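Visitor: I am attaching a structure below and will ask some questions about it afterwards.
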Amino acid sequence: DRLRESKVYMRALFDYIPLEDKATPCQEAGLPFKRGDILQVVTQDDPTWWQAKRVGDSNLRAGLIPSKHFQERLNHTMVIERSFRLSRKDRQGSSGEGSEAGDSDYLTYEEVSRYQQRGHERPRLVVLIGSLGARINELKQKVIAENPHRYAVAVPHTTRPKKPQEKEGVEYHFVAKQQFDADVLNNKFIEHGEYKENQYGTSIEAIRSVQAKNKMCLVDVQPEVGYRLRTAEFKPYIIFVKPRVPESRRRRSAATSPAGGDHARTTDEDLQEMRQSAIQIDHQYGHLVDRVLIKEDSASACSELRGILERLERETFWVPLGWVR
Ligand code: 5GP
């Protein structure tokens, strides 16, 4: 039995620092890990402390990590204590900002398995999420334009009139407002919005029809939309694009600009907002991200994205266990 390798793998959804852990029976025996690390769980015999190794570590010794159940309880206690502290502050007249628990407060582990796309399988969905200034739509369009036989967008629906040069089903699916509203009610869209009094939306069917042609479908969406696409059918690979934000405008040479765009009038406040946006997305959705792409400029981000997409079809990746069963 000892010789049999454990087949239980968990993706850590939080950072663990044993030396700061007051609950552990032995800090030295703890296994430190970071959010995103893959842990091979060697034994789950103890309900509170598991023994695990980090995949990719040359260190063969297993260490102690909090069990899923135990960590959930710790998180719960932490949230309650925090809201108690904040409500006390409230009574003393301070603001109660941030007292609400978010999803990221309850993260522990996600059981995962290795997955490699095989020839007969549909290509995985590629989901781009971006922080302020990342310009993910432009990035997506460029990579597709370079290789339209392999990559495609999901053709959106719109209620705006078709322009003479446009073709039904190419730029858009043109539909009447009544049809669009019905589709919204029937949950046919992964996202939809209004622009200049016209409705626009991307349907689940539009993604499926790209995949049915054996092309890789690229969508750029709000992070919470990407989260909802995390299903066995789409097996999304989520890429978080964030622009490299320089320390300060004044230290930047005139020739370079963040995200490769026309940022001639970017102020320090703009840079601060970009930084803040990236931090916020990382905090709230970082645990779902398969890959972070730091965008220096448009051309290098494109070539990096191209490289990622090529590897996606060839290499093995960790995905939630439920996706491969
Ligand atoms: P146009 O009517 O010029 O083709 O598109 C105008 C705008 O519609 C775009 O800049 C974008 O803001 C919005 N739009 C286009 N496609 C979609 C979509 O699939 N979903 C959403 N929410 N908006 C879209």
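Visitor: Just to verify a result, which residue in segment 153-168, among those that are in a loop (DSSP other than H, G, I, E, B) and under 21 Å from Val221 (Cβ atoms), is nearest to the ligand (Cβ to nearest atom)?
Guide: Of segment 153-168, the ones in a loop (DSSP other than H, G, I, E, B) are 153-156, 159-167.
Among the residues that remain, those that are also under 21 Å from Val221 (Cβ atoms) are: 153-156, 159-160.
Values: Val153: 9, Ala154: 8, Val155: 9, Pro156: 3, Thr159: 10, Arg160: 5 Å.
The selected residue is Pro156.
Visitor: Another question, if that's okay. Show me the strands (runs of 3 or more DSSP E) entirely contained within segment 182-252 in which 1 or more residues are touching a helix residue (DSSP H, G or I) at 6+ places or on another chain (Cβ under 6 Å) and of a type in the set (D, E, K, R). Don't jump to the end; show me each part of the working.
Guide: Details: elements: 189-195, 198-203, 216-220, 237-243.
Passing ranges, in order: 189-195, 216-220, 237-243.
Visitor: Of all residues in segment 253-279 being over 14 Å from Ile294 (Cβ atoms), touching a helix residue (DSSP H, G or I) at 6+ places or on another chain (Cβ under 9 Å) and not small (Gly, Ala, Ser), which is modelled with the lowest pLDDT?
Guide: Only one residue tops the list, namely His263.
Visitor: Give all pairs with beta carbons closer than 8 Å in which a residue from segment 272-283 that is surrounded by fewer than 18 Cβ atoms within 10 Å (Cβ to Cβ) meets a residue that is assigned to a helix (DSSP H, G or I); count only pairs at least 6 apart in sequence or on separate chains.
Guide: Within 8 Å, the pairs are His283/Ser104.
Visitor: Are any residues in segment 24-39 exposed (fewer than 14 other Cβ atoms within 10 Å of the Cβ) and either part of a loop (DSSP other than H, G, I, E, B) or modelled with pLDDT of 95 or more (or both), and if so, which ones?
Guide: Correct list: Pro25, Cys26, Lys34.
Visitor: Let me ask you something else. Let me confirm something: among Ile136, Ile204, which residue is closer than 30 Å to Trp323 by Cβ and buried (at least 19 other Cβ atoms within 10 Å of the Cβ)?
Guide: Numbers: Ile204 fails: buried (at least 19 other Cβ atoms within 10 Å of the Cβ).
Within the list Ile136, Ile204, the selection yields Ile136.
Visitor: So which residues in segment 90-139 are in a helix (DSSP H, G or I) and modelled with pLDDT under 90, if there are any at all?
Guide: Asp90, Arg91, Asp103, Ser104, Asp105, Tyr106
Residue-wise test of (1) in contact with a Gly (Cβ under 8 Å, 6 or more places away or on another chain); (2) of a type in the set (Phe, Trp, Tyr); (3) within 13 Å of the ligand (Cβ to nearest atom); (4) farther than 15 Å from Ala152 by Cβ.
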{"position": "Glu171", "(1), (2), (3), (4)": "no, no, yes, no"}
{"position": "Ala182", "(1), (2), (3), (4)": "no, no, no, yes"}
{"position": "Leu185", "(1), (2), (3), (4)": "no, no, no, yes"}
{"position": "Glu194", "(1), (2), (3), (4)": "no, no, yes, yes"}
{"position": "Ser209", "(1), (2), (3), (4)": "no, no, no, no"}
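Visitor: May I pose another question? Which is under 18 Å from His287 (Cα atoms) and surrounded by 15 or more Cβ atoms within 10 Å (Cβ to Cβ), of Ala62, Ala52, Ala12? Quick ask: steps written out before the conclusion?
Guide: Values: Ala62 fails: under 18 Å from His287 (Cα atoms); Ala52 fails: under 18 Å from His287 (Cα atoms).
Answer to the selection: Ala12.
Visitor: Which one of these is over 17 Å from the mean Cα position of the chain (by Cα), touching a residue at least 12 places away in the same chain (Cβ under 8 Å) and farther than 30 Å from Trp49 by Cα: Ala154, Ala134? Break it down stepwise before answering.
Guide: On the way: Ala134 fails: over 17 Å from the mean Cα position of the chain (by Cα).
Step by step, each of Ala154, Ala134 is checked, and only Ala154 is over 17 Å from the mean Cα position of the chain (by Cα), touching a residue at least 12 places away in the same chain (Cβ under 8 Å) and farther than 30 Å from Trp49 by Cα.
Visitor: Please find, among Phe70, Phe84, the residue that is modelled with pLDDT of 85 or more, surrounded by 16 or more Cβ atoms within 10 Å (Cβ to Cβ) and not in a loop (DSSP other than H, G, I, E, B). Show your work before the answer.
Guide: Numbers: Phe84 fails: surrounded by 16 or more Cβ atoms within 10 Å (Cβ to Cβ).
Of the residues listed, the single one that is modelled with pLDDT of 85 or more, surrounded by 16 or more Cβ atoms within 10 Å (Cβ to Cβ) and not in a loop (DSSP other than H, G, I, E, B) is Phe70.
Visitor: Would you check if there is a residue in segment 142-152 being within 21 Å of Asp220 (Cα to Cα), within 16 Å of the ligand (Cβ to nearest atom) and assigned to a loop (DSSP other than H, G, I, E, B)?
Guide: no
Visitor: For Ser203, all conditions in the list (1) touching a Phe, Trp or Tyr at 6+ places or on another chain (Cβ under 7 Å); (2) within 13 Å of the ligand (Cβ to nearest atom); (3) under 30 Å from Arg275 (Cα atoms) hold save one; what is the number of the exception?
Guide: It is condition (3) that Ser203 fails.
Visitor: Starting from segment 198-212, take each residue that is within 13 Å of Asp183 (Cα to Cα) and list its partners that are within 13 Å of the ligand (Cβ to nearest atom) and acidic (Asp, Glu), counting only C-beta distances under 8 angstrom and pairs at least six apart or across chains.
Guide: Tyr200/Glu194; Gly201/Asp183; Gly201/Glu191; Thr202/Glu191; Ser203/Asp183
Visitor: Something else now. How about segment 163-185: which of its residues are among the acidic types (Asp, Glu) and closer than 16 Å to Ala206 by Cα? Spell out how you get there, then give the answer.
Guide: In the first step, residues of segment 163-185 are kept if they are among the acidic types (Asp, Glu); the result is 166, 168, 171, 181, 183.
Within segment 163-185, Glu168, Glu171, Asp183 meet the criteria.
Visitor: Could you tell me whether Gln179 is at pLDDT 95 or above, closer than 25 Å to Arg228 by Cα, touching a Lys or Arg at 6+ places or on another chain (Cβ under 8 Å) and not in a loop (DSSP other than H, G, I, E, B)? Break it down into steps so the answer makes sense when it comes.
Guide: Working: at pLDDT 95 or above: yes; closer than 25 Å to Arg228 by Cα: yes; touching a Lys or Arg at 6+ places or on another chain (Cβ under 8 Å): no; not in a loop (DSSP other than H, G, I, E, B): yes.
No, not satisfied.
The values are calculated or read from the model by the stated rules, or taken from the named source; none is laboratory data. Keep in mind that this is a model prediction, so the values were computed, not measured. Please note: Cβ atoms are built from the backbone with ideal geometry, for glycine as well, and neighbour counts cover all protein chains shown.
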